[in-house]
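These notes concern the structure reproduced below.
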Amino acid sequence: MPGFELFGEEERKEVNDVMETGILMRYGFDGPRKGIWKAQELEKAITEVFGCKHAQLTSSGTSALTTAMAALGIGAGDEIIMPAFTFVASFEAVLSVGAIPVLVDIDETLTLSPDAVRAAITSKTKCVMPVHMCGSMADLDALKQICADHKLILLEDACQSIGGKYKGKSLGTIGDAGTFSFDFVKTITCAEGGVVMTNNEDIYTKSDGYTDHGHDHAGADRGADLHPFIGYNYRISELHAAVGLAQIRKLDTFLAIQKKNNLALRTYLEQIPEISFRIIPEGGEDSCSFLSWFLPTEELTKTVIAEMKVQGILAGNFYWYVNNWHYISKWDHLKNAVTLNAVSETQKAALLKLTNTNFSASDAIMSRCISTAISLLWTDEQIKEKGEKMAAVIRKVLDKQMQQV
Ligand SMILES: *Cc1c(COP(=O)(O)O)cnc(C)c1O
């Protein structure tokens, strides 16, 4: 899954370029930096590799989402429809701009259900935010149609799906804007970092200013910049960007290994007729960072997880249903609106409502789903051993259940 697994000389070289000049900031110091502009270079590489017109680096994937929302004009009282299965960062960003996260069900793509989105639209809805979880995507044609019909913004949280594609286009470049995270466990890493991608120049210009205290970056003298609007500091540093630059050059290698290892492991699980796999929308190309699979019932899934633990092969297998970071069932801090600072009454009321919202459609999927993270370091031998052991555990649990019936 993550780029940190194949880390070395290339990253060291890029970081050393920055260390030689000592200019760790992405803006200004034109003389002393001796032509070293790692953040700019990485932004250019992102536009080329993923095929978008503009890329604005940020300090994290969370700040990339916040920045995109601000640049898209999403704010106080606006409703953003998003899935109940995601990483906490998605709703954190929504709350940070004063908007309302409207969490709705997923389907067997493990992403937003278009029907659930349609049912959740109100006069306050401003944006639909699919989250392309675990390397694969939402049905983007269906969501684009909904957004067109209701004049809504489409913002892709593609933080977990770097390298995935839909109908030939990179995930994150299909909506009005899209984001990646480059945190330590993502497909390419900067240690910490993120990016807003868009084909719209206005959204880009706003993102550029917003991440740097509202600076207009119009002239060469940073001190003379104007501030056409209020921004914040969500800048990436040159050191982080340098790491990302080395990583993005290895992306094709990462993706090729992920694909090979994912397909190899899948062959072992495919031999078990009771197992089904996550649905990839037509025209979609999974980044293969995870292999996500379903058992027939929640009980069997819990038993398989318990048995994998007993056998010492649970590492790298995620049962999101009971995981504290990724699914509504465990987000008590969100459902109880536990914030350090006061939030608006509208935000608070919307969060408190989540406790009584019915997510049984998502529960029925998430309670049967296990995602296996694909390592870049596995040897063919290790995949064989892993595949055989996993299959043996699953067969054992299934056989035992048959005997009980
Ligand atoms: C990682 C991630 C983010 C943002 O993460 P940061 O750690 O802030 O870079 C946002 N959304 C999803 C779905 C993620 O997995």
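At-a-glance table
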quantity: Considering only the chain, percent of DSSP beta bridges that pair antiparallel, nearest 5; calculated: 60
quantity: Under the Karplus curve 6.51 cos²θ - 1.76 cosθ + 1.60, θ = phi - 60°, whole-Hz ³J(HN,Hα) for the range 207-217, x wherever Gly or Pro sits; calculated: 4, 4, x, 4, 7, 9, 6, x, 3, 8, 6
quantity: Pairwise label distance in nanometres, residue 272 with residue 149, each label 7 Å out on the Cα-Cβ vector; calculated: 3.9
quantity: Calculated [θ] (222 nm, deg cm²/dmol) that DSSP helices of n ≥ 4 give over the chain, each run adding -39,500 (n - 2.57); calculated: -12500 deg cm²/dmol
quantity: Mean Cβ count within 10 Å, highest first, over the residues of peptides 188-195, 329-336, 126-133; calculated: 126-133, 188-195, 329-336
quantity: Charge context of residue 202, other residues only, Cβ under 12 angstrom, K/R +1, D/E -1; calculated: -1
quantity: Heavy-atom accessible surface of the chain: percent carbon and sulfur, 1.4 Å; calculated: 54
quantity: Listed residues 388, 108, 43, 299 arranged by accessible area, highest first, probe 1.4 Å; calculated: 299, 388, 108, 43
quantity: Cα gyration tensor, the range 312-405 - rounded (a/c under 1.5), prolate or oblate; calculated: oblate
quantity: Euclidean distance between Cα centres, the range 156-216 to the range 10-76, Å; calculated: 11
quantity: Among 249-257, 98-106, 113-121, the order from most to least packed when residues are scored by Cβ within 10 Å on average; calculated: 98-106, 113-121, 249-257
quantity: Cα centre as origin, Lys/Arg/Asp/Glu Cβ charges: the range 3-251 dipole, Debye; calculated: 240
quantity: Charge dipole (the chain, unit charges on Cβ, about Cα centre) - positive-most of 338, 187, 305; calculated: 305
quantity: Tilt relative to the chain, helix 38-50 - C-alpha long axis, 0 to 90 degrees, to 10; calculated: 50
quantity: Accessible area (Å², per residue) of the chain, counting only protein heavy atoms and a probe of 1.4 Å; calculated: 43
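The values are calculated or read from the model by the stated rules, or taken from the named source; none is laboratory data. Every value quoted in this text rests on a predicted model; they were computed, and no experiment measured them. Please note: Cβ atoms are built from the backbone with ideal geometry, for glycine as well, and neighbour counts cover all protein chains shown. Each accessible area value is taken on the protein alone, full model and side chains, heavy atoms only, with ligands, DNA and RNA left out. Shrake-Rupley method; radii C 1.70, N 1.55, O 1.52, S 1.80 Å.
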